[in-house]
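Novice: First the structure, then my questions, so here it is.
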């Protein structure tokens, strides 16, 4: 009989241990989850640290770009892209001028106009990139 009681209490002890282990792990997970939520909120609400964080991110990008070392390559890339986009705009206009003149409100014409406007916007982006490069 004592052997049977011993096994019963031993099994009961193991079961209680497993239940406690499960409860503690669940509580730890929940605590980490809540802590993560609190940390994320404090980062966004601490207004004094935002400028320093942005500056840090900018410096990281500067370190990756190595502008002083690759300035000429970046300039040539921007200039060549701008020339390429200009030629693409001329090609689109030349290839589609008759269709655009005939009915500029048709679906096909509007697609060409949208492409042209997108390319013009891209040229503006390239000019902004060059200005940013010149500031460094």
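Novice: Got at least one residue in segment 64-71 being out of contact with any strand residue (DSSP E or B) (no Cβ under 9 Å at 6 or more places or on another chain), over 30 Å from residue 134 (Cβ atoms), surrounded by 10 or more Cβ atoms within 10 Å (Cβ to Cβ) and modelled with pLDDT under 90? Explain how you work it out, then say what you get.
Specialist: Going residue by residue through segment 64-71, those that are out of contact with any strand residue (DSSP E or B) (no Cβ under 9 Å at 6 or more places or on another chain) are 64-71.
Subset that is over 30 Å from residue 134 (Cβ atoms): none.
Checked segment 64-71: no residue is out of contact with any strand residue (DSSP E or B) (no Cβ under 9 Å at 6 or more places or on another chain), over 30 Å from residue 134 (Cβ atoms), surrounded by 10 or more Cβ atoms within 10 Å (Cβ to Cβ) and modelled with pLDDT under 90.
Novice: If the Cβ limit is 8 Å and pairs must be 6+ apart or interchain, which residue in segment 1-26 that is at negative phi pairs with which residue that is part of a helix (DSSP H, G or I)?
Specialist: Within 8 Å, no pair qualifies.
The values are calculated or read from the model by the stated rules, or taken from the named source; none is laboratory data. Worth saying up front: this structure is predicted, and the values here are computed from it rather than measured. Note that we place each Cβ from the backbone using ideal geometry, even for glycine, and neighbour counts take in every protein chain shown.
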